[in-house]
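*Asks:* My questions will all concern the structure given below.
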């Protein structure tokens, strides 16, 4: 699975870098994340509940940052195990690009592979779930950034971003598929 994209962050590049290295802020922004703890130099341990279609499991994993070039970029290697539900591992490249004093563009590229029951679901559903997780993360992360740095409070009120028609359809489809496989229809 490959996932690439970019997100506008309403803060300076230095503030974005600081936030991306704040375990508490990241934990609060990751849906289903129960813990994110520093266990070594630039190495974290995570515990989170993930639902992909009909498969829902608690994953324990490790994340390791490398090639740090503050406040511009870093690489991330990750692996996680959800027992019978499966496992996953991969890498990510994160790059920050300043767009002005209070705007930063975050570029990301993720390569990941999954195995076990999750792999049996099918790559299309796994890809859609990964895109949804990324969208949910960035929505929560932007909200946290706005709260932390009081972004543009004097200029204009910030409205919550509306989900696109595609995102609403994906939310509905994943929910429906989960109900079909769990017999809750």
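The values are calculated or read from the model by the stated rules, or taken from the named source; none is laboratory data. Note that the structure is a prediction, hence the values are computed from the model and not measured. Methodologically, a virtual Cβ is constructed for each residue, glycine included, from the backbone with ideal geometry; neighbour enumeration extends over all protein chains shown.
*Asks:* Take the residues in the stretch 39-52 that are out of contact with any strand residue (DSSP E or B) (no Cβ under 6 Å at 6 or more places or on another chain) and either part of a strand (DSSP E or B) or touching a residue at least 40 places away in the same chain (Cβ under 8 Å) (or both), then tell me which one is nearest to residue 140 (Cα to Cα).
*Replies:* Only one residue tops the list, namely 51.
*Asks:* Would a scan of the stretch 86-101 turn up a residue that is in contact with a helix residue (DSSP H, G or I) (Cβ under 7 Å, 6 or more places away or on another chain), in a helix (DSSP H, G or I), over 30 Å from residue 14 (Cβ atoms) and at pLDDT 90 or above?
*Replies:* no
*Asks:* Another question, if that's okay. Within the stretch 55-67, is even one residue modelled with pLDDT of 95 or more, under 21 Å from residue 13 (Cα atoms) and exposed (fewer than 13 other Cβ atoms within 10 Å of the Cβ)?
*Replies:* Yes, there is a match, as at least one residue in the stretch 55-67 is modelled with pLDDT of 95 or more, under 21 Å from residue 13 (Cα atoms) and exposed (fewer than 13 other Cβ atoms within 10 Å of the Cβ).
*Asks:* Just to verify a result, which residue in the stretch 26-38, among those that are touching a strand residue (DSSP E or B) at 6+ places or on another chain (Cβ under 7 Å) and in a helix (DSSP H, G or I), is nearest to residue 117 (Cα to Cα)?
*Replies:* Step by step, filter the stretch 26-38, then rank; the result is 27.
*Asks:* All but one of (1) under 16 Å from residue 108 (Cβ atoms); (2) surrounded by 15 or more Cβ atoms within 10 Å (Cβ to Cβ) hold for residue 36; which doesn't?
*Replies:* The number of the failed condition is (1).
*Asks:* Let me ask another. Could you say which residue among 170, 125, 145 is at pLDDT below 75, crowded, with 17+ Cβ neighbours inside 10 Å, under 19 Å from the mean Cα position of the chain (by Cα) and assigned to a helix (DSSP H, G or I)?
*Replies:* 170
*Asks:* Which residues, counting only those in the stretch 9-25, are in contact with a strand residue (DSSP E or B) (Cβ under 6 Å, 6 or more places away or on another chain) and either farther than 18 Å from residue 101 by Cα or in a strand (DSSP E or B) (or both)?
*Replies:* Residues satisfying the conditions are 9, 23.
*Asks:* Go through the stretch 30-46 and give me each residue that's under 25 Å from residue 73 (Cα atoms) and under 14 Å from the mean Cα position of the chain (by Cα).
*Replies:* Passing the criteria: 30, 31, 33, 36, 46.
*Asks:* Determine whether the stretch 66-82 contains at least one residue that is in a strand (DSSP E or B) and in contact with a helix residue (DSSP H, G or I) (Cβ under 6 Å, 6 or more places away or on another chain).
*Replies:* For the stretch 66-82, residues in a strand (DSSP E or B) and in contact with a helix residue (DSSP H, G or I) (Cβ under 6 Å, 6 or more places away or on another chain): absent.
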